[in-house]
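The values are calculated or read from the model by the stated rules, or taken from the named source; none is laboratory data. Note that the structure is a prediction, hence the values are computed from the model and not measured. Cβ sites come from the backbone with ideal geometry, for glycine too, and all protein chains shown count toward neighbours. The area values use the complete protein model at the heavy-atom level, side chains included, leaving out ligands, DNA and RNA. Shrake-Rupley method; radii C 1.70, N 1.55, O 1.52, S 1.80 Å.
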Amino acid sequence: MMGNDAATKHRHFFRPSALIGLILSCFLLSAVQASETATVKNIRYWSSQGYTRIVIDLSSPVEFVKNRLSNPDRLYFDLKNAKISKEINTKLPVGDGILKTVRAGQYDPDTVRIVLDLERMEKYEALYLDDPKKLVIDVHAKRIKEEAVLPKKVVVIDPGHGGHDSGAVGRNGLKEKDVVLDIGLKVKELLGAEPNLDLVLTRETDVFIPLAERTAMAMKRDADLFVSIHANASPNRGAHGIETYLLNWTNQEEAISVAARENYVSVKTMKDRMEKFRRDNEVDIIKSDLRRQHNNEESVALANYVQNALCTDVLRMHKTVNHGVKGALFFVLFGIEMPSILVEVSFISNPDEERLLSQDSYRSMLAASIASGIKAYLGAAPPLQKVAYTKRRQ
């Protein structure tokens with residue numbers, strides 16, 4: 001739990017660079033244990049300036065090896081014990097200044113090879129997601145500065161769940177997906193009046209958006225902030241209050257449980273991954289990534305502004321508990337190179353808070369508090385100049 005002083009509290013969190021070790025090792029546990037033949041069902045990609053995300057949809061977990069080759073420059077992933085579907089497009093032209101093409105083929109009877117033909121690449125990261133099963137590859141390249149501009153700040157609001165994914169459901173049937181969508185729409189309306197802000201919602205209707213695509217939306221828009229909105233739940237019906245998370249390591253039982261629920265995995269799976277991270281993270285901490293480090297510090301500050309605004313406003317009219325700012329491993333926050341947080345506005349599993357969440361006035365209060373926290377953070381943050389970029393000239 002953290003206090004109000006964001007500037008002095010960030011030191012309690014692991015550096016985000018250490019999370020890369022977790023992503024490249026812990027989140028691949030399922031793949032290492034793969035046994036049944038996996039089918040590569042589809043390949044998709046999203047592009048933005050300096051970043052491309054490739055998503056490989058799978059029928060089951062896979063073990064894979066990766067390598068980079070030259071002449072021509074390319075990166076490949078060999079998916080073991082895998083077959084490629086005959087229905088998919090095996091060559092995707094990208095041409096975004098980072099990737100030329102993405103190619104896939106049956107390399108041998110038991111191996112599918114995915115090849116990324118590179119134009120330029122600074123680094124890459126790979127993440128395996130369990131539900132639905134997919135391999136996510138993020139390729140980053142340095143952007144070439146053309147001229148300084150001062151555009152609007154892009155704020156991405158992410159109402160969790162949606163469509164067939166109801167999220168947590170209260171005892172009286174209130175669904176998390178409906179609550180957070182309404183709050184998200186209200187936040188957009190409130191902040192939309194600010195002339196220097198550009199508001200983006202990952203969803204504006206009751207539709208399901210996969211976690212990897214929510215992140216890609218923010219990266220594609222080159223967003224300045226990412227705020228994911230959720231309602232909490234606990235087997236303990238008496239649990240109540242407000243808490244805000246950022247992407248980081250934790251050994252707190254409740255934080256692990258919340259992350260497990262939002263990531264669609266079991267608590268045991270989350271604990272196993274956290275334990276492996278605890279054993280393996282020392283080397284990765286040394287590999288400092290200053291941009292990620294800066295964004296982690298800014299995420300702590302943003303989280304504190306939003307958490308404090310929520311608790312201050314709610315406590316004026318209702319009893320609540322300020323659970324503070326915490327770190328946890330949320331898939332929806334992975335790969336975002338900007339200040340990003342996940343807000344658990346109240347416990348929908350608590351009968352009293354479910355009743356409050358069903359009221360438009362309470363949801364309006366929560367939205368106003370989130371908007372107020374975001375504005376307070378932006379007002380306190382240094383007026384950093386954002387730059388426009390262009391592809392490297394030949």
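Within region 221-248, residues that are over 30 Å from R355 (Cβ atoms) and open to solvent by 10 Å² or more (accessible area, probe 1.4 Å) sit with their Cβ atoms under 9 Å from residues that are assigned to a loop (DSSP other than H, G, I, E, B) and of a type in the set (G, A, S), at 6+ positions apart or across chains, in these pairs: D222/G50.
Scanning region 346-394 for residues that are modelled with pLDDT of 95 or more and assigned to a loop (DSSP other than H, G, I, E, B), we see that the one that is surrounded by the most Cβ atoms within 10 Å (Cβ to Cβ) is I348. Here L329 meets each of (1) under 29 Å from N236 (Cα atoms); (2) modelled with pLDDT under 90; (3) surrounded by fewer than 24 Cβ atoms within 10 Å (Cβ to Cβ) with one exception, condition (3). Condition test on R292, is it modelled with pLDDT under 70 and part of a helix (DSSP H, G or I)? Criteria met by R292. Of everything in region 89-110 that is of a type in the set (V, I, T) and in contact with a Phe, Trp or Tyr (Cβ under 9 Å, 6 or more places away or on another chain), the residue that is nearest to Y76 (Cα to Cα) is V102. Residues A301, A216, A231: which one is modelled with pLDDT of 65 or more, touching a Lys or Arg at 6+ places or on another chain (Cβ under 6 Å) and of a type outside the set (F, W, Y)? Unique residue meeting the criteria: A216. In the set (1) over 28 Å from K133 (Cβ atoms); (2) in a loop (DSSP other than H, G, I, E, B); (3) basic (K, R); (4) at pLDDT 95 or above, the condition left unmet by R237 is number (4).
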